[in-house]
Amino acid sequence: MKRMFLSAFALVACFMGLQAQTQVIAHRGFWKTEGSAQNSITALEKAADEKLYGSEFDVQVTSDGKLIVNHDSKFQGFVIAETPYKQLKKIRLANGEKLPNLKKYLKKGKKQDIQLILEIKSHKSKEVENQVVADVVKMVKKMNLEKQVEYIAFSLNVCEQLVKHTPNSEIAYLNGDIAPAELKKKGINGIDYNQNVLFKHPEWVKEAHELGMKVNVWTVNKIENMQKFIDMKVDYITTDQPLETKELLR
Ligand code: MG
């Protein structure tokens, strides 16, 4: 009887389009706060202090194959892909912290109760991208972080490589030019699209949900847009203003 009631409820919920409440992801960590900086370990810890769903960060590779956390392909005059790690590791972030390498970053992240939204940046060649994906996934598995790490990437090749290496992980495509159903066929189980893409294609939110895929949207910093996406029932809002989004959801 109880089971019948529960399945009837699930059916009604499905028809009414009920989704779990939208959750908040801090874009490059929670960096717009005292003592923090984009993609710093402090920004990750501050995101966790705010009890957000996730903290996003970007992964690049140095000329000697070391994985580091940084957004731009250039950092303080150095092209990361053409510079060895020993030269980059001395560089300080805006808050005085050293440029973090991925291993150190994940080690700190493991101690926090927050999802680690790991963006693998696009690279010049597929060979480099394939190697980066293999190395990142190997590190994540070795550190037993498979449940805590979720992947995002603009490169379709990176997403496909992720499916190959870690098919049960959360993997979302960022580039905004492919309908959810096409991605689902490739084993990619989420879209993480620019807000303008989802304003243009609101039907993709429903399409993704019907396929059991997650929907994330970036980078939403205006309150009115946050509210629009909450009303559209996206799963995650990625923002530089996580406290404002949290307040709206209260
Ligand atoms: Mg990013």
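The values are calculated or read from the model by the stated rules, or taken from the named source; none is laboratory data. Treat the numbers as computed from the prediction; the structure is a model and nothing was measured. With ideal geometry, Cβ positions are generated from the backbone for all residues, glycine too; neighbour counts draw on all protein chains shown.
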- In the stretch 149-161, which residues are closer than 25 Å to Lys74 by Cβ and crowded, with 21+ Cβ neighbours inside 10 Å? Tyr151, Ile152, Ala153, Val158, Cys159, Gln161
- Of the candidates Leu52, Leu44, Leu106, Leu67, the one satisfying the condition of being farther than 17 Å from Trp31 by Cβ, in the same structural domain as His123 (by TED's automatic domain parsing) and crowded, with 22+ Cβ neighbours inside 10 Å is Leu106
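So which of Ala37, Ala94 ends up being within 16 Å of the ligand (Cβ to nearest atom) and of a type outside the set (Lys, Arg)?
Of Ala37, Ala94, the one residue that is within 16 Å of the ligand (Cβ to nearest atom) and of a type outside the set (Lys, Arg) is Ala37.
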- Note on the structure: Only unsatisfied item for Ser63, checking (1) modelled with pLDDT of 95 or more; (2) within 16 Å of the ligand (Cβ to nearest atom), is (2)
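Looking only at the stretch 70-94, filter to residues that are in a helix (DSSP H, G or I) and of a type in the set (D, E, K, R); which one of those is farthest from the chain's Cα centre (by Cα)? Before the answer, list the steps.
Let us first name the residues in the stretch 70-94 that are in a helix (DSSP H, G or I), namely 80-82, 85-88.
Now narrow it down to the ones that are of a type in the set (D, E, K, R): 82, 86.
Working: Glu82: 25, Lys86: 27 Å.
Per the stated criteria, the residue is Lys86.
Only one residue in Glu247, Glu182, Glu207, Glu146 is assigned by TED's automatic domain parsing to the domain that holds Val59, surrounded by fewer than 22 Cβ atoms within 10 Å (Cβ to Cβ) and of a type outside the set (Lys, Arg). Which one?
Numbers: Glu247 fails: assigned by TED's automatic domain parsing to the domain that holds Val59; Glu182 fails: assigned by TED's automatic domain parsing to the domain that holds Val59; Glu207 fails: assigned by TED's automatic domain parsing to the domain that holds Val59.
That would be Glu146, the only listed residue that is assigned by TED's automatic domain parsing to the domain that holds Val59, surrounded by fewer than 22 Cβ atoms within 10 Å (Cβ to Cβ) and of a type outside the set (Lys, Arg).
Listed here are the residues, each with its yes/no results for (1) on the phi < 0 side of the Ramachandran plot; (2) free of Cβ contacts under 8 Å to residues at least 60 places away in the same chain.
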position	(1), (2)
Gly77	no, yes
Thr83	yes, yes
Pro100	yes, no
Lys110	yes, yes
- Check whether at least one residue in the stretch 133-151 is part of a helix (DSSP H, G or I), under 23 Å from Val61 (Cβ atoms), modelled with pLDDT of 95 or more and in contact with a Gly (Cβ under 9 Å, 6 or more places away or on another chain), and report yes or no. yes
